[in-house]
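The values are calculated or read from the model by the stated rules, or taken from the named source; none is laboratory data. A quick note: this is a predicted structure, and the numbers were derived from the prediction, not measured. Glycine also receives a Cβ, built like all others from the backbone with ideal geometry; neighbour counts cover every protein chain displayed.
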Amino acid sequence: MAVRNLRGTGLRRAARGRAGFVALACALYVAGGISATWPAARHARTEFLSGGAPGHGEAAPGDYLQTLYHWWLPGHQLEHGHEPWLDPYSFRPEAGAQPNYAGWPFGFVFWPLGAVFGLVVGWNVTQLLMYVLAGLFTCAWLRELGLPRGPALAGGLVFAIAPYRVEQSVGHLLGPISVMLPVALWAFERARRAGAGWLVLSGSALASIPLSGQVHLALGAIPFFFAYALVRDRMLWLPTLACVAAAAGAGIVVRQTVIVGSTQSGGRSLDQVAGYSARLGDFLGRHVDHARSEQFVFLGWATPLIALVGLVLLLRARRLGLAVVLGLGALVPILLALGTRLPLYSAIWHAFPPFRFPRVPERLLPIACLCLGALVAFALARGRSVAVSVVAIALLFVDLHARVYGKSAADTSNAAYAAIPRSADGRLLELPVFDPGVHYGSAYLWYDTQAHRERPGGYSTTAPKIAKSTARRLERLNCGDWSGDTAGVLRRLGVTWIALHRGLFVHNAAVPETTYFALRGLLRHGWSARETSGVIWMFARGRGSTTPTLPEPYRLRAYFCQGWYGSLPSPRGRYMSETHAPFWIYGGGTLRLSFAPSPLLRSFTVDGVAERGPVLRLGRSDWHVITVDVPKLVPHGHKRVGLLLRGLLVG
């Protein structure tokens, strides 16, 4: 009886010790999440933790809204009895319901949080939770490797708040899904001690990386996991191979159901990779250049040095296999992040077909962040002192801090979208129309969490090809150009509602500031405003309750729409960037267009009516939309262009 009492007391003490350590770890990683999101975290109750882009009166566009939409859909679909892996709203009706693999697995985490706190606070809480999970699973993995608690806590902190991972958590899925890598490693170590059944968790975690759409990270994570497993326990090679096969199978599923038939089915060029390749100096730069956010690869200043000490200590301890795996796991992603600046990258791109699809070579860096965290932990384990770990953790907070997050206003209850009756038929088109791969379309995903309505548009870098051609056909509406029976196109698409987002026309390089002409086109073609809410106006056909107005532009200049490059200094003029190029001009009588010599055939319309040109009849003095069409574009330097417009003469 006494022996049983002693054993029971010891177990309770151990349990209390474990519980206390877990609580301490949670508190540390919550602090890490707050540090990573500071000072934006002060506004987490009312505004999105995001990149901080301005919204100009509406929800600010950004990848965070795309990720939120992906995470919102599974719960929304299940609540309505539908498949949680499908997006029933985007790119309709030209494409079928799109796979929403990006909702796995964190959509099921976000679902209850969004339901309890609302989508804005739910998003912010999920962001903080991702930092906690990243730290906890890394710490748990390092504890399985036999490291003391203090160093394991520090290693988990390195991975949790690694600046690159933080930047890729602002809105991108790469940061959150990288948590699956330490989960896979931790489960593998558990399998070594507690049975091979734990490898089911390893395989699931590893397969979640490509299944979520982060195929590039999977290209590094899968071989890294396999190499790690062989180094740690070759007896488990067969179930390890099954884990690898599951992850590879998930990648194949994504390729066949999403990438094949998409706008990126042909892969990316080396020129595209070059545009996203990091420089050596980027590894030392703490400041985030939002124009080059993908090249933000800061690893800290002291952290890599401490990790190097850890690597040396592993080699001295003759743990050669682990040292090689962690050392290469840190070095190889860092080198590949240089992209085309690394001579070897071009050879890999040509020799290994899967590398032809990613355009951002930095995507493997979460593996390096994890390896650096492990090596830092091994370095601190040599100290065998709580004080050393405490000082190191304080140093890591300072060394790894980078001001990445901003705050973005959340338009949570927009009256214009609320004006669409749930029982109403028809699809919704939002203006301005963007190419499916342009991130400004993410704003529309946010409003669809309120509208729940099919729409021809959407935002995805792997959108169906038909979605791109549909957007190209409809983008003329951004400028009030309804030529070519655009009204008939809208009828065929089943569009009965049009939302005009005036905020997205402001200071936007993707679309000219042509809001006045977009509104003019809507009103001239029988659409009327049913509700106005700030900068968002909702239109339907027929008579409306209000007629919104905008200030008339300056009359003594032409306004060029999408389809034209900017003016060129030499030769003077403006090239067509698309085969269909509209512009607006005020005047009456006739308009003479002067073009540089070109063999390209051309056709013209004035206010939708065909004209022979180059002298066009305008009629009475007013605003007129002119369109120029050519059958194809021709090479000119590094671009493809149509005609070169050299002059306009109204008279």
Going by the structure shown, is Q264 at negative phi and not in a loop (DSSP other than H, G, I, E, B)? no
Heads up, the strands (runs of 3 or more DSSP E) in the range 578-633 (entirely inside) with at least 3 residues that are touching a strand residue (DSSP E or B) at 6+ places or on another chain (Cβ under 8 Å) are 580-595, 603-606, 615-629
Only one of (1) farther than 19 Å from L326 by Cα; (2) of a type in the set (A, V, I, L, M); (3) in contact with a Gly (Cβ under 7 Å, 6 or more places away or on another chain) does not apply to A194, and that is (3)
Within the set of pairs 6+ apart or on separate chains, which have a first residue in the range 265-286 that is without any contact (Cβ under 8 Å) to a residue 60 or more places away in the chain, a second that is among the aromatic types (F, W, Y), and C-beta atoms under 6 Å apart? G285/F298
With among the charged types (D, E, K, R), at pLDDT 90 or above and crowded, with 21+ Cβ neighbours inside 10 Å as the only criterion, which of R363, R318 stands out? R363
If you check A196 against the conditions, is it small (G, A, S) and surrounded by fewer than 24 Cβ atoms within 10 Å (Cβ to Cβ)? yes
Just need a number here: residues in the range 81-109 that are touching a Leu at 6+ places or on another chain (Cβ under 8 Å) and in a helix (DSSP H, G or I). 5
Can you report the number of residues in the range 323-340 which are at pLDDT 95 or above and either of a type in the set (G, A, S) or outside any helix (DSSP H, G or I) (or both)? 4
Members of the range 245-274 that are surrounded by fewer than 18 Cβ atoms within 10 Å (Cβ to Cβ) and of a type in the set (S, T, N, Q): Q256, T257, S265, S269, Q272
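So, restricting to strands (runs of 3 or more DSSP E) that lie completely within the range 400-504, which ones have at least 3 residues that are at pLDDT 95 or above? First the steps, then the outcome.
Numbers: elements: 406-408, 427-431, 495-501.
Where strands (runs of 3 or more DSSP E) fall fully within the range 400-504 and carry at least 3 residues being at pLDDT 95 or above, they are 427-431, 495-501.
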Filter result (of a type outside the set (G, A, S) and either outside the structural domain of P148 (by TED's automatic domain parsing) or part of a loop (DSSP other than H, G, I, E, B) (or both)) within the range 378-399: R382, R384
Quick one: S277 ticks every box in (1) surrounded by 15 or more Cβ atoms within 10 Å (Cβ to Cβ); (2) in the same structural domain as L206 (by TED's automatic domain parsing) except a single one, so which number is it? (2)
